[in-house]
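What follows is a single structure, written as structure tokens, with notes after it.
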Amino acid sequence: MASLHSSFLFPPNLLSLSTSSTHFRSLLPIRRRFGKPFAVAQQAAVSEATRRLYVGNIPRTVTNDELAKIVQEHGSVEKAEVMYDKYSGRSRRFAFVTMKTVEDANAAIEKLNGTEIGGREIKVNITEKPLSTLDLSSQESEFIDSPHKVYVGNLAKTVKTDTLKKFFSEKGKVLSAKVSRVPGTSKSSGYGFVTFSSEEDVETAISSFNNSLLEGQKIRVNKA
């Protein structure tokens with residue numbers, strides 16, 4: 001009778017819940033713990049950002065290993081990455097170097113910023129605050145590649161993608177245009193690409209715009 005009475009007072013679903021309440025209580029703290037890995041990841045990203053150096057205006061011939069050897073004279077280097085253009089395969093004349101500590105990063109800036117590598121005065125500083133991944137991926141996805149393409153160099157830092165496309169549209173049918181950016185930032189790399197629908201438009205663009213002025217700066221235009 002006792003079991004019948006308890007079943008009457010506590011329906012089966014509630015009875016099963018009550019008997020396993022200790023199990024549910026043991027699961028509750030998991031929700032509170034979920035935030036910790038994310039917070040640790042955020043801290044790690046912030047930590048790396050304070051140790052990551054931008055090294056600009058380097059010679060095109062400098063490799064990752066060569067750059068690492070130069071920088072490690074002034075502190076411990078975790079990794080060095082020279083940035084290459086994915087279309088032309090040429091060095092983009094800048095790199096990122098991650099140091100072991102913030103002190104190493106500051107020492108490298110103090111000793112190397114304004115010095116010369118291969119006859120070029122380099123710039124060394126902490127990398128800029130990154131843009132969101134969404135912003136960067138949307139910029140890349142909008143570009144339409146084509147075998148009929150020109151490389152546009154010596155762009156003024158103020159030139160935007162829309163400006164570049166409009167400028168070249170005066171002499172041909174432009175499919176797409178892109179101003180290259182320093183990875184993870186909104187800073188222009190000083191060059192871009194324009195794609196066309198035909199090889200004839202490419203030749204016209206080169207003959208019409210090479211050494212012409214765009215926003216006060218003489219640009220270079222050649223086949224990509």
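The numbers here are math on the coordinates, done by the rules we state, and not lab data. This one's a predicted model, so the numbers in the text were calculated from it and none came from an experiment. Glycine gets a Cβ as well: all are built from the backbone with ideal geometry, and neighbour counts include every protein chain shown.
Between E110 and Y87, how many nm apart are label points set 7 Å from Cα along the C-beta direction?
Simple spin-label model gives 4.2 nm for this pair.
Give me the one-decimal nm value for the distance between modelled label points at I206 and S169, 7 Å along each residue's Cα-to-Cβ direction.
Here the modelled spin labels are 2.5 nm apart.
Pick out, in residue order, every one of the GluC sites (Glu not before Pro) in segment 138-224 that is DSSP loop and has at most 11 other C-beta atoms within 10 Å; say none if there are none.
E170
Please express the Cα-Cα pair-distance distribution P(r) of segment 71-118 as a list of whole percents, one per 10 Å bin, running from 0 to the bin with the greatest distance.
25, 47, 23, 5
Cα-Cα over 19 Å: which of K86/K123; K86/K166; K157/K187; K86/K149; K123/K218? Each step should come with its number before you reach the end.
Details: K86/K123 23 Å; K86/K166 24 Å; K157/K187 8 Å; K86/K149 14 Å; K123/K218 23 Å.
Beyond 19 Å: K86/K123; K86/K166; K123/K218.
Based on the Cβ-Cβ distance of E199 and D162, what FRET efficiency does E = 1/(1 + (r/R0)^6) give at R0 = 25 Å, to the nearest 0.05?
0.50
Could you tell me, in Å, what Rg and Dmax come out for the Cα atoms of segment 43-100?
Just the Cα atoms of segment 43-100 yield Rg and Dmax of 11.9, 36 Å.
Please list, ordered by chain and number, the residues whose modelled amide H lies under 5 Å from the amide H of E78; skip anything fewer than 5 residues away on the same chain.
Here T98, M99, K100 satisfy the definition.
If each of D65 and N154 carries a label point 7 Å out from its Cα toward its Cβ, how far apart are those two points in nm?
Calculated label separation equals 3.5 nm.
How much length would be gained if the chain were fully extended between N222 and A49, taking 0.36 nm per residue of separation minus their Cα-Cα distance, in nm to one decimal?
Full extension of this stretch gives 58.7 nm more.
Report, to one decimal in Å, the Kirkwood hydrodynamic radius for segment 67-224 based on all distinct Cα pairs. Intermediate values should be presented prior to the final figure.
Values: mean 1/r = 0.0577 Å⁻¹.
One decimal place: 17.3 Å for the Kirkwood radius.
Measuring from a point 7 Å past the Cα of E215 along Cα-to-C-beta, which residues in segment 161-176 have an amide N at less than 16 Å?
Taking a point 7 Å out along Cα→Cβ of E215, the residues of segment 161-176 whose backbone N falls under 16 Å are 161-169.
Pop out the Kirkwood hydrodynamic radius of segment 152-218 from its pairwise C-alpha distances, inverse of mean 1/r, in Å to one decimal.
The answer is 12.1 Å.
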